[in-house]
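The values are calculated or read from the model by the stated rules, or taken from the named source; none is laboratory data. This one's a predicted model, so the numbers in the text were calculated from it and none came from an experiment. Methodologically, a virtual Cβ is constructed for each residue, glycine included, from the backbone with ideal geometry; neighbour enumeration extends over all protein chains shown.
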Amino acid sequence: MFDKAIYVTQPTLAPLEEYVELLKGIWTSGILTHNGPLVQQFEKDIAVKLGINNFIAVTNGTIALQMSIKALELKGEIITTPFTWIATVSAIKWEGCTPVFCDIESDTLNIDPAKIEMLINERTVAIMPVHVFGNPCNIESIEAIAKKYNLKIIYDAAHAIGSTYNGKSILEYGDISATSLHATKLLNTGEGGGCISSNLEIHEKLKRIRFFGHNKDKSVIEDGFNGKMTEIHAALGLVNIKYFEKVLEDRKYKYNLYKESFRKISELKFQKIVNGNSNYSYFPVIFETEENALKYEKILNNNNIYPRRYFYPSVNTYSNIFDNIQSCPVSEKISKTILCMPLYYKLTESEIESIINIENII
Ligand SMILES: Cc1ncc(COP(=O)(O)O)c(C=O)c1O
């Protein structure tokens, strides 16, 4: 039994003094927002760190998804995954499009490319896959389908900063990738997000959308809104990013600690990583039955440990949000049988060992 509660995650934070130094600069300059110097520096630092070209820092990952839909001027059906956080789908709905759910692969937990084509019709305009828990999707197959039917791709890369595919940052794929810099992510600005597009026209358009639709002369030439990141959030990103490699390395090490122990339990299944490299942002375990998952959750809770049923429920089953419930049996089963274990930078190796050593896993 732990004296203090162990939750599924905790933010990774650079030393406070480093943040305070940057805050002093903000107090001196009086610049709090409007794409100030720290936001601009943060965008440059992320681009260099990840080896990407165009990072646009925004308010949060949900706005990043909405801006992406807006920038591509999508109107119609967007095929997406039900095994995600509600934000993927609320972004689609808020932009006036209709989500169409494509079931997932039971091993990678990502959208199943073999099931996408049967959902395409004349109203389909785009595919919005999610790199679930940082695990890269089967990009090659998704791109082939998009090309065949002339569809746009927006990757929901909320979990995936630091993941790679074919030796490149995962954020370089799709017409646009949208990521999150929320407190729980491997790199965080408290709240925050980013849009990445290698198409320069789209990149410029995203920047205008972020800033009320203004062009460089401050004329409103676009149906934009306010997606700006503040200097205070950018400052946090600037100090946290210095530790990013360390955080990535730490996450992989701890992920493997869990995996080595849990693989001895034949009941459990793990997320399969077959396309590129994951950032290992979460450690999910999948039980054979919901009853067993709940039983194990209870045992951990009794020891002051709080794993998370994530994602639960499967988003396609929200009957208060969708008029038309679409069945996705694989996602529904996984949602009921999955638990994400505590995994974060400050979690110590001995804490992980104590968690692993708690008996009666099923
Ligand atoms: C898959 C997925 N998409 C989108 C989001 C939205 O990101 P944010 O919380 O930064 O708005 C999240 C949030 O964690 C997420 O998990």
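Data table
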item	result
Flag if Pro99 is touching an Asp or Glu at 6+ places or on another chain (Cβ under 9 Å) and more than 18 Å from Ala146 (Cβ to Cβ)	no
Which numbered condition Thr81 fails, given (1) near the ligand (Cβ under 10 Å from one of its atoms); (2) closer than 20 Å to Met229 by Cα	(2)
Tabulated pairs, segment 157-170, first under 14 Å from Leu187 (Cα atoms), second of a type in the set (Val, Ile, Thr), C-beta under 7 angstrom, 6+ apart or interchain	Ala157/Ile170; Ala157/Thr179; Ala158/Thr179; His159/Val132; Ala160/Ile170; Ala160/Thr179; Ile161/Thr179; Ser163/Ile170
Count of segment 215-274 residues which are among the small types (Gly, Ala, Ser) and more than 20 Å from the chain's Cα centre (by Cα)	5
Within segment 288-327, considering residues that are surrounded by 15 or more Cβ atoms within 10 Å (Cβ to Cβ) and within 16 Å of the ligand (Cβ to nearest atom), the one farthest from Phe270 (Cα to Cα)	Asn316
Hits in segment 164-196 - residues which are among the hydroxyl-bearing types (Ser, Thr, Tyr) and either within 14 Å of Gln66 (Cα to Cα) or under 11 Å from the mean Cα position of the chain (by Cα) (or both)	Ser177, Thr179, Ser180, Thr184
Lone unmet requirement of (1) more than 14 Å from the chain's Cα centre (by Cα); (2) closer than 30 Å to Ile232 by Cβ for Ser141	(2)
Matching strands (runs of 3 or more DSSP E) fully within segment 144-229 where at least 1 residues are under 19 Å from Val132 (Cβ atoms), in contact with a Ser or Thr (Cβ under 7 Å, 6 or more places away or on another chain) and of a type in the set (Asp, Glu)	152-156
Inter-residue pairs, beta-carbon under 7 Å, first on the phi > 0 side of the Ramachandran plot and in segment 207-236, second acidic (Asp, Glu), 6+ apart	Gly213/Glu222; Gly213/Asp223
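For every residue, the table says whether it meets (1) polar (S, T, N, Q); (2) within 27 Å of Ser331 (Cβ to Cβ); (3) surrounded by fewer than 20 Cβ atoms within 10 Å (Cβ to Cβ).
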residue	(1), (2), (3)
Gly224	no, no, no
Gly227	no, no, no
Tyr243	no, no, yes
Gln271	yes, yes, no
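Every residue, every condition in (1) of a type in the set (Gly, Ala, Ser); (2) more than 12 Å from the ligand (Cβ to nearest atom); (3) at pLDDT 95 or above, yes or no:
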position	(1), (2), (3)
Ile139	no, yes, yes
Ile154	no, no, yes
Ala158	yes, no, yes
Gly162	yes, yes, yes
Ser169	yes, yes, yes
Glu172	no, yes, yes
Asp175	no, yes, yes
Ala178	yes, no, yes
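Let's see how each residue does on (1) modelled with pLDDT of 95 or more; (2) away from the ligand (no atom under 12 Å from the Cβ); (3) closer than 20 Å to Thr33 by Cα; (4) outside the structural domain of Ala57 (by TED's automatic domain parsing):
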residue	(1), (2), (3), (4)
Thr184	yes, no, no, no
Asn188	yes, no, yes, no
Glu204	yes, yes, yes, no
Gly213	yes, yes, yes, no
